[in-house]
Amino acid sequence: MGGFFSSAAEPNLIVPTKLEKNFALGDGSEGSSLQDALEFKSDKIDNLYTWDKDSKQFKLAFQEHGVAYGETNASAQLAEVDLNELSGSSNFKTTFDPTPVEAWGINFVGVVEVKHDNGDERVIYIPGTRSYDPAGMSGDPHASERIGPSCSRSQAAITVAQIMAALYGAKEDQVEELQEKLRPLITRYHGREALFDWMFLQIQEAIYQNKDVTPYPEFIKTQIEAGKIELKENREHTSKYLETYDEDKPRPPVQFYKKVAAKDNVEEIFSEDELETFQQVIATDQ
């Protein structure tokens, strides 16, 4: 079930997130276990990557499948990168903690704990299905306020591949090469460029720079200042969310909860008390 987190003004309902069970294969069918992949021990995941320990090569081969922006039929697009002559080792270890966590008013499905050999520990926040995306766009067919199964599954796959490359010894610029090869797939099929870039920034900071990650709302502010995110009518929720963040009582706006009401069976994900609060929230214009 869900839960509550408090602000100075009133209690707010946390929408429970979900870790999808499987990755998708290149034809959109069910692939490998996502939970198993998050153990960071697999040398190969179908439709994602392969590690050859003899040649020290990390090969990314990720095909996205779905109905893209501006299209009516399903299509596919492949991203491939070979990272050669990697060391096969790194100075950090990773563990996935699947305990749902709330940070900056955002509901995450868990965190990847990064433990450096010098004893320092950092975390990478992982969004899941039903996580709130403050950079989402109201009414968008792919990138709304609520992260859906396809977006959460693909972003998890990308993050796993990038972390695995780093574990095998890839340098920061090599992982950035993966990022840029994958970008067209995110743009074409998902539209969550801000989330995509923030997830990579977390890898840069937690792994390569050994420092705490930049909060997602702070990253969104930089994107607004750079003109990469425009606060138009479809991002009214973004403005409202950032107002609560700046007031040190961050919480998702009503648009997010209404999207959850439209997409999810709320009677299954909330207790009776939570459901009552949920109905009160979506009846407001906060």
Taking the residues in the stretch 249-275 that are in a helix (DSSP H, G or I) and aromatic (Phe, Trp, Tyr) as candidates, determine which candidate is surrounded by the most Cβ atoms within 10 Å (Cβ to Cβ). PHE256
Answer yes or no as to whether SER131 is open to solvent by less than 30 Å² (accessible area, probe 1.4 Å), polar (S, T, N, Q) and under 23 Å from THR187 (Cα atoms). yes
Unique match (being part of a helix (DSSP H, G or I) and within 21 Å of the chain's Cα centre (by Cα)) among ILE229, ILE220: ILE220
When you go through VAL114, VAL160 one by one, which is the residue that is part of a helix (DSSP H, G or I) and among the hydrophobic types (A, V, I, L, M, F, W, C)? VAL160
When you scan the stretch 210-218, do you find a residue that is in contact (Cβ under 8 Å) with a residue 60 or more places away in the chain, more than 13 Å from VAL15 (Cβ to Cβ), open to solvent by 50 Å² or more (accessible area, probe 1.4 Å) and not hydrophobic (A, V, I, L, M, F, W, C), even just one? yes
VAL67 versus (1) open to solvent by less than 20 Å² (accessible area, probe 1.4 Å); (2) more than 15 Å from the chain's Cα centre (by Cα): which is the lone unmet condition? (1)
Say whether the condition of being among the small types (Gly, Ala, Ser), within 21 Å of ASN22 (Cα to Cα) and either in contact with a helix residue (DSSP H, G or I) (Cβ under 9 Å, 6 or more places away or on another chain) or open to solvent by less than 50 Å² (accessible area, probe 1.4 Å) (or both) is met by at least one residue in the stretch 97-112. yes
Filtered residue count, the stretch 276-285, keeping only those that are in a loop (DSSP other than H, G, I, E, B) and open to solvent by 60 Å² or more (accessible area, probe 1.4 Å): 2
Answer with yes or no whether PRO141 is over 19 Å from TYR241 (Cβ atoms) and either at pLDDT below 95 or polar (S, T, N, Q) (or both). yes
Filtered residue count, the stretch 23-64, keeping only those that are under 15 Å from LEU182 (Cβ atoms), modelled with pLDDT of 95 or more and either open to solvent by 50 Å² or more (accessible area, probe 1.4 Å) or part of a loop (DSSP other than H, G, I, E, B) (or both): 4
The stretch 187-209, subset aliphatic (A, V, I, L, M) and within 21 Å of ALA166 (Cα to Cα), residue surrounded by the fewest Cβ atoms within 10 Å (Cβ to Cβ): LEU201
Conditions (1) under 15 Å from the mean Cα position of the chain (by Cα); (2) crowded, with 22+ Cβ neighbours inside 10 Å; (3) touching a residue at least 40 places away in the same chain (Cβ under 8 Å): number failed by LEU178: (1)
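The values are calculated or read from the model by the stated rules, or taken from the named source; none is laboratory data. If you're wondering where the values come from, they're calculated on a predicted model, not measured in any experiment. Backbone-built Cβ (ideal geometry, glycine too); neighbour counts: all protein chains shown. These area figures cover heavy atoms from the full protein model, side chains too; ligands, DNA and RNA do not enter into them. Shrake-Rupley method; radii C 1.70, N 1.55, O 1.52, S 1.80 Å.
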